[in-house]
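A.B. asks: Below you will find the structure I want to go over with you.
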Amino acid sequence: GLPIFQINSYPLRQKRFAFRTEAQIWAVTLFCGTSVLYASRVAFPIAAADIAKEFTWNKTDSGIMLSCFFWGYALTQLFAGWIADIYSGENVLPISSLVWIVLTFFTPQLFEFAYWSGFPLVILLLIRILSGVGQAFHIPSMASMIARHLTSADKGRLFGIILAGSHCGLVYWSICLHRILNHKSLIWLRIKLASPILHVIRNLVNPMIFCQKLYRAAAAAQYAGGNAYYTMFNWLPSYFHDTFPDAQGIVYNVVPNVSIVITSMLSPLLATLVLNTGQSMTVTRRLMEGISLLGVAACLFIVPYTSSFIPALLIFSLSMACRGLHHGGVSVNPHDFAPHHTGAVFGIFNACGSITGFIGVYIAGHILDATNNNWSYVFIITGVQCIIGAVIYGLYGTGSKII
């Protein structure tokens, strides 16, 4: 086998991709894998409005069902990167992928059981949580693989492009869903871990990183951007369904995601262009993330003043496009400040953004319920958080190594 050496008790394989062609093959493979994974994830948000009608859910109920995915996802992120760093992403990723693929195949049977049981809400809640647990291993495993096998010059660019696959998956599955599926969500396997959370966190990486304001600034930006993205990802189908009932679902579920695909793939290249002008990594990361967060905030502040479908669609498409620039900013930051612990740090780091999946999405549903479906409050509160995140990261964000 390959020789292994230790860096701060984390085993790393002494191996790099020998040829650029090999790196490109891995990039295409991981891009496609990420696309398929996110394609399976988009089903429930798209079908949420119809499911809510069938089960007579209010907005709070819908918010719980949409957000509970992230209960499992965010908590498992704390372990997923740690496992990928120890056992290598190459070993973890195929197993986790096989698990969710097999379970996806049996999704119809699981739904039939939920309806037959007489307790569909409880069972679907559990399924959504377990779905989050299963998916949580994918991105930290990729981050760990890239950190081990690519040079520092290529890590950020390649990882950003691979992450763009998530948005491609949202696009093509949104199209397919309207044609071949009705009200089906896709399910992953629960992976049980016995270690207490706090004990594992203490052993993931040097705990001093959490005391660094540079790291906390990146976590704040990740939280703010994640809140905006997950709110739009989960609630936009319901927003358009409620506000513009005559609009075609295939349009408003696809167009915004097309825009984020484009900017997600371009953002690593744009970041490279900025670096090539002589700017530091820190300036580049701050610039890309600042434009992303402030752009999203501006769009969310404007959209309450729209009263027709096309302007609202264009504004949300622009907002998602701004979010795509994140892949040249904070999204690839763990490669900058923790090159030897990328998987573990990225897992914890990504949990900061995922927490908003169950907090922000649930709160949005509660706000809608309390204000008789006044979407303006949701968008304005989300936009304010984006501005706060942009300010914090603009002052303290870094592209330098921390540990």
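A.B. asks: Tell me, please, whether a residue that is among the aliphatic types (A, V, I, L, M), in a helix (DSSP H, G or I), without any contact (Cβ under 8 Å) to a residue 40 or more places away in the chain and out of contact with any His (no Cβ under 9 Å at 6 or more places or on another chain) can be found in segment 311-333.
C.D. replies: Yes, some residue in segment 311-333 is among the aliphatic types (A, V, I, L, M), in a helix (DSSP H, G or I), without any contact (Cβ under 8 Å) to a residue 40 or more places away in the chain and out of contact with any His (no Cβ under 9 Å at 6 or more places or on another chain).
A.B. asks: Of (1) farther than 23 Å from Lys59 by Cα; (2) assigned to a helix (DSSP H, G or I), Gly278 satisfies all except one. Which?
C.D. replies: (2)
A.B. asks: Write out, first by first residue and then by second, each pair whose Cβ atoms fall under 6 Å of each other, whose residues are 6+ apart or on separate chains, and whose first residue, in segment 85-106, is more than 26 Å from Ala338 (Cα to Cα) and in contact (Cβ under 8 Å) with a residue 12 or more places away in the chain while the second is in a helix (DSSP H, G or I) and of a type in the set (Ser, Thr, Tyr).
C.D. replies: Matching pairs, first to second residue: Thr104/Ser40.
A.B. asks: Among the residues of segment 390-401, is there at least one that is under 18 Å from Pro237 (Cα atoms) and not in a loop (DSSP other than H, G, I, E, B)?
C.D. replies: For segment 390-401, residues under 18 Å from Pro237 (Cα atoms) and not in a loop (DSSP other than H, G, I, E, B): absent.
A.B. asks: Name the residue that is modelled with the lowest pLDDT, counting only residues in segment 90-145 that are more than 25 Å from Ile359 (Cβ to Cβ) and of a type in the set (D, E, K, R).
C.D. replies: The selected residue is Glu112.
A.B. asks: Tally up the residues in segment 372-403 that are under 15 Å from Phe301 (Cα atoms) and touching a residue at least 40 places away in the same chain (Cβ under 8 Å), please.
C.D. replies: Residues flagged as under 15 Å from Phe301 (Cα atoms) and touching a residue at least 40 places away in the same chain (Cβ under 8 Å) within segment 372-403 amount to 12.
A.B. asks: Would you point out the residue of segment 326-352, among those that are among the β-branched types (Val, Ile, Thr) and either within 27 Å of Trp375 (Cβ to Cβ) or at pLDDT 75 or above (or both), that is surrounded by the fewest Cβ atoms within 10 Å (Cβ to Cβ)?
C.D. replies: Within segment 326-352, the match that is surrounded by the fewest Cβ atoms within 10 Å (Cβ to Cβ) is Val332.
Conditions tested, residue by residue: (1) at pLDDT 85 or above; (2) crowded, with 24+ Cβ neighbours inside 10 Å; (3) among the aliphatic types (A, V, I, L, M); (4) out of contact with any helix residue (DSSP H, G or I) (no Cβ under 8 Å at 6 or more places or on another chain).
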residue: Gly324; (1), (2), (3), (4): yes, yes, no, no
residue: Ser354; (1), (2), (3), (4): no, yes, no, no
residue: Phe358; (1), (2), (3), (4): no, yes, no, no
residue: Thr371; (1), (2), (3), (4): yes, no, no, no
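A.B. asks: Still on this structure: State whether one or more residues within segment 236-249 are over 20 Å from Leu75 (Cβ atoms), of a type outside the set (Gly, Ala, Ser), modelled with pLDDT under 80 and not in a loop (DSSP other than H, G, I, E, B).
C.D. replies: Taking every residue of segment 236-249 in turn, none turns out to be over 20 Å from Leu75 (Cβ atoms), of a type outside the set (Gly, Ala, Ser), modelled with pLDDT under 80 and not in a loop (DSSP other than H, G, I, E, B).
A.B. asks: Another question about this same structure. Of the residues Leu287, Leu266, Leu270, Leu214, which is part of a helix (DSSP H, G or I), under 22 Å from the mean Cα position of the chain (by Cα), touching a residue at least 60 places away in the same chain (Cβ under 8 Å) and over 17 Å from Leu314 (Cα atoms)?
C.D. replies: It is Leu214.
A.B. asks: Then there's this: Give the residues of segment 253-267 that are at pLDDT below 85 and crowded, with 22+ Cβ neighbours inside 10 Å, sorted by residue number.
C.D. replies: Asn253, Asn257, Val261, Ser264
A.B. asks: If you take the residues of segment 290-307 that are touching a residue at least 40 places away in the same chain (Cβ under 8 Å) and surrounded by fewer than 19 Cβ atoms within 10 Å (Cβ to Cβ), which of them is farthest from Phe379 (Cα to Cα)?
C.D. replies: Leu294
The values are calculated or read from the model by the stated rules, or taken from the named source; none is laboratory data. Remember, predicted model here, so these are calculated numbers, not experimental data. Ideal geometry is used to build each Cβ from the backbone, glycine not excepted, and the neighbour counts take in all protein chains shown.
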